[in-house]
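We did not get these values from a lab; they are worked out from the coordinates using the rules stated. Small disclaimer: the values here were computed from a predicted structure and weren't measured. Positions of Cβ are generated from backbone atoms using ideal geometry, with glycine treated the same way; all protein chains shown enter the neighbour counts.
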Amino acid sequence: MAKAGWSSPAGLFYLTGFLQTTKWQGRLASKCAEKGRVSTAIREWTLLLYAPIMRFLLRVVLNTVAVLLAARIIPGIFVASPTAAVLAGIVLGVINATIKPVLIVLTLPFTLLTLGLFIFLVNAVCLALVAWLVPGFGVHGFWAAVFGSVFISLVSWALSALVTDRRRY
């Protein structure tokens, strides 16, 4: 009995079942199975694996550029080396993804009371935490942290709007 490969009907059935783990992947698998394009399904599924990694790397690059521009423009923020800027971009991305949502939930009453202005303070605390964690990156003073966090958020948002693709995978 011959072994079922990816191009055989049994292999296609296995690939279709394997790709149906999410809604989008299921649509892709059924579309490719109807047309018999297994290699297209594998290529598209590989894209699904690499898309989050590429988005994270793009976010790190955008944060790094924003940190470098903030250090150049805002007095009180300094970066000692490009390595410190990259590390600050990585740590800023991790803190914005993990700690910032917790801080926003914990400070929600103050945010509502101040009509959203307390978010600037949360952003400044996150930037000060990055400065505390990353050697070679520093923020001197409260207002430097506030203006730097606002500037980094605006630059990162603008660059993200220019660079990212509107399609969702």
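What the table shows:
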| item | result |
| --- | --- |
| Residue in region 102-109 that is in contact with a helix residue (DSSP H, G or I) (Cβ under 9 Å, 6 or more places away or on another chain), polar (S, T, N, Q) and on the phi < 0 side of the Ramachandran plot present | yes |
| Counted residues, region 78-124 - those being surrounded by 17 or more Cβ atoms within 10 Å (Cβ to Cβ), polar (S, T, N, Q) and under 25 Å from Val60 (Cβ atoms) | 2 |
